[in-house]
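The values are calculated or read from the model by the stated rules, or taken from the named source; none is laboratory data. These numbers come from a predicted model, not from an experiment. Cβ atoms come from the backbone with ideal geometry, glycine included; neighbour counts cover every protein chain shown. Accessible surface is based on the protein model in full, side chains and every heavy atom, while ligands, DNA and RNA are left aside. Shrake-Rupley method; radii C 1.70, N 1.55, O 1.52, S 1.80 Å.
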Amino acid sequence: MADIIIKNGYILTMDPSLESIKNGVVVIEDGRITDVCENTEETADTVIDAQGSVVMPGFVNTHTHAGMTLFRGYADDLALSDWLENHIWPAEAELTASDVYAGTRLACLEMIKSGTIAFADMYFFMEEVGKVVEDSGLRAALSYGMIELWDEEKGKAELKKGKAFINEWDGKADGRISAMYGPHAPNTCSKEFLMKVREQATEDNAKIHIHVLETEAELNQMKDQYGMCSVNMLDEIDFFGPDVLAAHCVWLSDGDMDILRNNNVNISHNPVSNMKLASGIAPVTKLLDRGANVCLGTDGCASNNNLGMFEEMKTAALLQKVETMDPMALPARQVLEMATVNGAKALDLNSGMIRKDYNADVIIVDMNKAHLNPLYDVPSHLVYSAGSSDVRTTIVNGRVLMDDYRVLCMDEQKVIDEGRDAAEKLMSRVDAKK
Ligand SMILES: C[C@H]1O[C@@H](n2cnc3c(O)ncnc32)[C@H](O)[C@@H]1O
Ligand SMILES: [Zn+2]
């Protein structure tokens, strides 16, 4: 007997070898998908009727700072350097472990409700993030954000912290958690420090999550400092590889794109954050045309201001169309791939498709809504018409985290209340320091 059978749904497999099934069945056992078909004789403990819904792989958010939900709506409408240096960093200096715990719980709740099954996070107090992920049932690739600022002693301490986190958390929660090194960015970490991180990551067989060429200011700073851009500098120190997740990558030259592609670097595109901070437009279609693995991320809640992947998909598609002046650029199906298949590839997850033997990381999207009817093309509706609140069920590793809009893995109201309380206290400490 199976654990879960999902029946009567439109199965959007995202699997190039298996077409979508209009009225199909997904069978789940021991955390894995064991069958994807039109009919089954199999029985299960739980049978989910997905009539009028789309059954699809859950989203992979490849760049977040989950604890920053506490800064949602704080310091809006500023450029990145002013926002980060004069507002966010001083506020983050007041963060405690319990703040990050409360903020990350709020983030996980939001992600579960909006159909995300895994996220790549870079922040502080990462042990708290690990605890939340472990309890929530989500998957995550976690990294301690190391900011060295050309201080050798600080660099040593940061690397030690990053390594200790990896040693303790990599592979935890039955493998749902992986741990990465998180050097913040080439304009906040010296070349020498980044070389050490690369060496250590190779030795520890750990991946690396880093911001790269997010702003023109970073590009100019790198040119002044090294006579070359971040991508060239990182290439010169052999930093790149398929184990690198580079967030943003906005200010790329054609040569930079070739370097990223040739080194199989995973690129996390964050269009909403890039638009809100007026950082620029990443050359996504050019990267995809080269065969690069481009996935999607929201960034933190202070620069987005939510963690919804539906909004991120729509923004990504529209932004490339207006940037290239080509309405055929980044069509719905391709942007869906970025949010599922490509994200799973970046984090090395056996997820991102509804396919036999893949992780049972499945969401059910309710199409019986005014804004989703009539329905001609499912990918089109998912990208251009659907929203976070259309997700009715989220399953990760075969565990139902949300069932028909009811969150089962945490007390929703308690998480909201505790997040709000933590933010209120944090902000009074921040104000007292002003
Ligand atoms: C981990 C640190 O990274 C900071 N951060 C959040 N969003 C961004 C961004 O878009 N670019 C650079 N740094 C960012 C976060 O506040 C932490 O300090
Ligand atoms: Zn970021």
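Tell me which of these ALA75 doesn't satisfy, since it passes every other one: (1) under 20 Å from PRO379 (Cβ atoms); (2) open to solvent by less than 30 Å² (accessible area, probe 1.4 Å).
(1)
Being in a loop (DSSP other than H, G, I, E, B) and of a type in the set (A, V, I, L, M, F, W, C) is the filter; apply it to region 155-192 and report the residue that is nearest to ILE395 (Cα to Cα). Can you show your working first?
Here is the first cut: in region 155-192, the residues in a loop (DSSP other than H, G, I, E, B) are 170-176, 184-190.
Next cut, of a type in the set (A, V, I, L, M, F, W, C) only: 173, 185, 189.
Values: ALA173: 16, ALA185: 34, CYS189: 38 Å.
Per the stated criteria, the residue is ALA173.
So, in region 167-193, of the ones that are within 16 Å of ligand 1 (Cβ to nearest atom) and in contact with a strand residue (DSSP E or B) (Cβ under 6 Å, 6 or more places away or on another chain), which residue ends up nearest to GLY137 (Cα to Cα)? Talk me through it step by step, then tell me what you get.
Taking region 167-193 first, the residues within 16 Å of ligand 1 (Cβ to nearest atom) are 179-189, 193.
So of that shortlist, the ones also in contact with a strand residue (DSSP E or B) (Cβ under 6 Å, 6 or more places away or on another chain) come out as 179-185, 189.
Values: ALA179: 16, MET180: 19, TYR181: 22, GLY182: 23, PRO183: 27, HIS184: 27, ALA185: 30, CYS189: 33 Å.
That would be ALA179.
So, TRP83, is that one open to solvent by 30 Å² or more (accessible area, probe 1.4 Å), out of contact with any helix residue (DSSP H, G or I) (no Cβ under 9 Å at 6 or more places or on another chain), within 15 Å of ligand 2 (Cβ to nearest atom) and not acidic (Asp, Glu) or not? Quick ask: steps written out before the conclusion?
On the way: open to solvent by 30 Å² or more (accessible area, probe 1.4 Å): no; out of contact with any helix residue (DSSP H, G or I) (no Cβ under 9 Å at 6 or more places or on another chain): yes; within 15 Å of ligand 2 (Cβ to nearest atom): yes; not acidic (Asp, Glu): yes.
Considered against the rule, which asks whether it is open to solvent by 30 Å² or more (accessible area, probe 1.4 Å), out of contact with any helix residue (DSSP H, G or I) (no Cβ under 9 Å at 6 or more places or on another chain), within 15 Å of ligand 2 (Cβ to nearest atom) and not acidic (Asp, Glu), TRP83 comes out as no.
Within region 289-319, which residues are assigned to a helix (DSSP H, G or I), touching a Gly at 6+ places or on another chain (Cβ under 8 Å) and open to solvent by less than 10 Å² (accessible area, probe 1.4 Å)?
Step one: filter region 289-319 for residues assigned to a helix (DSSP H, G or I), giving 289, 309-319.
So of that shortlist, the ones also touching a Gly at 6+ places or on another chain (Cβ under 8 Å) come out as 309-312.
If the condition is that a residue be assigned to a helix (DSSP H, G or I), touching a Gly at 6+ places or on another chain (Cβ under 8 Å) and open to solvent by less than 10 Å² (accessible area, probe 1.4 Å), then MET309, PHE310, GLU312 are the ones that fit.
So, of the residues in region 252-284 that are under 20 Å from the mean Cα position of the chain (by Cα) and of a type in the set (Gly, Ala, Ser), which turns out to be farthest from LEU213 (Cα to Cα)?
SER273
Just give me the residues in region 124-165 being closer than 19 Å to ALA102 by Cβ and open to solvent by 10 Å² or more (accessible area, probe 1.4 Å), in sequence order. Step through it out loud before you land on a result.
Here is the first cut: in region 124-165, the residues closer than 19 Å to ALA102 by Cβ are 124-138, 140, 142, 144-145.
Within region 124-165, PHE124, PHE125, GLU127, GLU128, LYS131, GLU134, ASP135, TYR144 qualify.
Among ILE112, ILE177, which is open to solvent by less than 10 Å² (accessible area, probe 1.4 Å) and closer than 16 Å to THR69 by Cα? Give the steps one after another, and end with the answer.
Numbers: ILE177 fails: closer than 16 Å to THR69 by Cα.
Going through ILE112, ILE177 in turn, the sole match is ILE112.
For the structure I just gave you, tell me whether LYS321 is within 13 Å of ligand 2 (Cβ to nearest atom), more than 21 Å from PRO242 (Cα to Cα) and out of contact with any Asp or Glu (no Cβ under 7 Å at 6 or more places or on another chain). Break it down into steps so the answer makes sense when it comes.
Numbers: within 13 Å of ligand 2 (Cβ to nearest atom): no; more than 21 Å from PRO242 (Cα to Cα): yes; out of contact with any Asp or Glu (no Cβ under 7 Å at 6 or more places or on another chain): yes.
So LYS321 does not fit the description; no.
Has region 269-288 got any residue that is part of a loop (DSSP other than H, G, I, E, B) and among the β-branched types (Val, Ile, Thr)? Don't jump to the end; show me each part of the working.
Quick first cut of region 269-288, residues part of a loop (DSSP other than H, G, I, E, B) only: 270, 277-283.
Next, only the ones that are among the β-branched types (Val, Ile, Thr) stay: 281.
Among the residues of region 269-288, at least one is part of a loop (DSSP other than H, G, I, E, B) and among the β-branched types (Val, Ile, Thr), which makes the answer yes.
Report, by residue number, each residue of region 270-288 that is among the aliphatic types (A, V, I, L, M) and either surrounded by 24 or more Cβ atoms within 10 Å (Cβ to Cβ) or within 13 Å of ligand 2 (Cβ to nearest atom) (or both).
VAL272, LEU277, ALA282, VAL284 - these are the residues of region 270-288 that are among the aliphatic types (A, V, I, L, M) and either surrounded by 24 or more Cβ atoms within 10 Å (Cβ to Cβ) or within 13 Å of ligand 2 (Cβ to nearest atom) (or both).
Give the residues of region 320-355 that are among the polar types (S, T, N, Q) and surrounded by fewer than 24 Cβ atoms within 10 Å (Cβ to Cβ), sorted by residue number. Show your work before the answer.
Taking region 320-355 first, the residues among the polar types (S, T, N, Q) are 320, 324, 334, 340, 342, 350-351.
Listed by number, the residues that qualify are THR324, GLN334, ASN350.
If a residue must be open to solvent by 20 Å² or more (accessible area, probe 1.4 Å), among the small types (Gly, Ala, Ser) and within 16 Å of ligand 1 (Cβ to nearest atom), how many such residues does region 214-269 contain?
1
What pairs come out if I take residues in region 236-250 that are of a type in the set (D, E, K, R) and more than 16 Å from ligand 2 (Cβ to nearest atom) and pair them with residues that are open to solvent by 10 Å² or more (accessible area, probe 1.4 Å) and not in a strand (DSSP E or B) whose C-beta lies under 8 Å away, six or more apart or interchain?
Going by the 8 Å Cβ cut-off, the qualifying pairs are GLU236/MET228; ASP238/ARG198.
For PRO57, all conditions in the list (1) away from ligand 1 (no atom under 16 Å from the Cβ); (2) open to solvent by 10 Å² or more (accessible area, probe 1.4 Å) hold save one; what is the number of the exception?
All conditions pass for PRO57, except number (2).
Can you pull out every residue in region 11-44 that is free of Cβ contacts under 8 Å to residues at least 60 places away in the same chain and either among the basic types (Lys, Arg) or buried (at least 17 other Cβ atoms within 10 Å of the Cβ) (or both)?
Within region 11-44, ILE21, LYS22, GLY24, VAL25, VAL27, THR40, ALA44 meet the criteria.
If I filter region 356-366 for residues that are open to solvent by 20 Å² or more (accessible area, probe 1.4 Å) and touching a helix residue (DSSP H, G or I) at 6+ places or on another chain (Cβ under 7 Å), do I get at least one hit? So that I can check it myself, show each step before the final result.
First pass over region 356-366, keeping only residues open to solvent by 20 Å² or more (accessible area, probe 1.4 Å): 356-358, 366.
Within this subset, residues satisfying the condition of being touching a helix residue (DSSP H, G or I) at 6+ places or on another chain (Cβ under 7 Å) are 366.
Scanning region 356-366, I find at least one residue that is open to solvent by 20 Å² or more (accessible area, probe 1.4 Å) and touching a helix residue (DSSP H, G or I) at 6+ places or on another chain (Cβ under 7 Å), so the answer is yes.
Looking only at strands (runs of 3 or more DSSP E) that fall completely inside region 359-434, which ones have 1 or more residues that are in contact with a Pro (Cβ under 9 Å, 6 or more places away or on another chain) and modelled with pLDDT of 95 or more? Spell out how you get there, then give the answer.
Working: elements: 362-366, 391-396, 399-403.
Result: 362-366.
Residues of region 320-357 being of a type in the set (A, V, I, L, M, F, W, C) and not in a helix (DSSP H, G or I), which ones? Break it down into steps so the answer makes sense when it comes.
Our first condition is that a residue be of a type in the set (A, V, I, L, M, F, W, C); within region 320-357, this holds for 322, 325, 328-330, 332, 335-336, 338-339, 341, 344, 346-347, 349, 353-354.
Matches in region 320-357: MET325, MET328, ALA329, LEU330, LEU347, LEU349, MET353, ILE354.
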